[in-house]
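Reviewing the structure listed below.
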């Protein structure tokens, strides 16, 4: 460990370009006196046809390094092909105890870190939860990186299974995505509109794609005895077909769709619901890796109905209910039960808030990350 006796962590993370998004976990990390945190982010990042620029907002305790990257315009592959020409020099200057990568283990930047990390231990944070053989050179990169990783932070049991299947034998710690409790919190008092409206309101926030199971929600609405309505916030390629099905099923007076909003808009929308749904369908190429809207809804005191897909049951925890994938009948039966049981609904809402406070605040995420880094450094002596 470094002479200062403070654990010196260098984190490489393109998701942390924004001060009000991925960087929030780091602001919690630097509140601790036993760590010295350096964060490396790209100066520019190109994705989905847009160029993003690193937020220059700074917390004096967080040592932020905004560096240019190579291959920033390689299309979707830039997530895996980019690297930092100045990284070797920076690592020599900082001499970190641990290098943490919030990047996939088959990315070129992870391979770069593996070769230039010096004495530092390496911690990888992984999301990929579908086991598949990657095309060259990515399978080789993954093997190299995992073979020199000292600790894995895993988003889900399926993600752990993937790295185990690809040869990683070291320690694994689970880590969630944090939720901003300043934005996502319960209403100060019960909404009169929510308390007096005649329908039981379920809702969805996210991309409108077929894999999210919104067609199953429509079919369930058609089957319910209770008066259930569905509110959707989002956009996507399946929206036109979904609107057609709403008309075909005669649900125009019970389903609304609105476009994206700000995080504050999302929080207000979630607080207007009785229950949030996430009914992701597993396919060969899709398995829910986490479902951030789950913890955003739960932080607002709104319980969640989730499918059995991917990480959903683990993330929902005690703060909701789980139904089989592609089973509108099971969903309809559940909705009829809980729509008529306000006490159970309130209990689940409280359990949802506890689930977030115990597992998914930025403070918890920061502590989990620091603990994994400390363990990795200790293993190296």
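Worth pointing out:
- Kirkwood-based shape ratio for the stretch 29-69, expressed as Rg/Rh from alpha carbons: 1.09
- Inter-probe distance in nm under a simple model that places probes 7 Å from Cα toward Cβ, at residue 354 and residue 189: 2.7
- Full extension of the segment from residue 265 to residue 235, taken as 0.36 nm per residue of separation minus the current Cα-Cα distance, would add 9.3 nm.
- Beta bridges from DSSP with both residues in the chain: antiparallel share about 10 percent, rounded to the nearest 5.
- Tilt relative to the chain, helix 138-147 - C-alpha long axis, 0 to 90 degrees, to 10: 70
- Full extension of the segment from residue 32 to residue 50, taken as 0.36 nm per residue of separation minus the current Cα-Cα distance, would add 2.9 nm.
- Intensity falloff of the stretch 1-70 expressed as log10 I(q)/I(0), Debye formula with alpha-carbon point scatterers, at q = 0.12, 0.16, 0.22 Å⁻¹: -0.33, -0.55, -0.92
- Label zone at residue 252 (point 7 Å along Cα-to-Cβ), backbone N below 15 Å, the stretch 219-246: 243-246
- Per residue convex hull volume, Cα atoms of the stretch 288-381, in Å³: 92
- At q = 0.13 Å⁻¹ the log10 of I(q)/I(0) for the stretch 213-291 amounts to -0.45, computed by Debye summation with a single uniform scatterer per C-alpha, solvent ignored.
- Over the chain, the alpha carbon radius of gyration divided by the compact-protein estimate 2.2 N^0.38 Å works out to 1.05.
- Alpha-carbon Rg/Rh ratio, for the stretch 247-338, with Rh computed the Kirkwood way: 0.97
- Separation in nanometres of the label points that stand 7 Å from Cα toward Cβ, at residue 66 and residue 343: 5.6
- Acute angle (nearest 10 degrees) that the helix 328-338 long axis makes with the longest principal axis of the chain, alpha-carbon atoms: 80
- Per-q log10 I(q)/I(0), the stretch 1-159, q = 0.09, 0.15, 0.19 Å⁻¹ (Debye; single scatterer per alpha-carbon; no solvent): -0.28, -0.81, -1.32
- With neighbours defined as other Cβ atoms within 10 Å of a residue's Cβ, the residues 99, 305, 94 order from fewest to most as 94, 305, 99.
- The simple Förster model, with R0 at 51 Å and r as the Cβ-Cβ distance, assigns residue 227 and residue 73 a FRET efficiency of 0.50.
- Cα shape, the stretch 137-180, gyration tensor, a/c 1.5 rule: prolate
- Those residues of the stretch 241-272 whose amide nitrogen sits under 11 Å from the label point placed on residue 59, 7 Å along Cα→Cβ: none
- Estimated translational D of the stretch 192-359 in µm²/s (Stokes, Kirkwood radius over Cα pairs; 10 °C; 1.306 mPa s): 101
- Antiparallel bridges, percent of DSSP beta bridges restricted to the stretch 192-359 (to nearest 5): 0
No value in this document is a laboratory result; all are computed from the given coordinates. Only a predicted model underlies this, so the values are computations on that prediction, with no experimental measurement involved. A quick note on method: Cβ atoms are made from the backbone with ideal geometry, for glycine too, and the neighbour counts reach across all protein chains shown.
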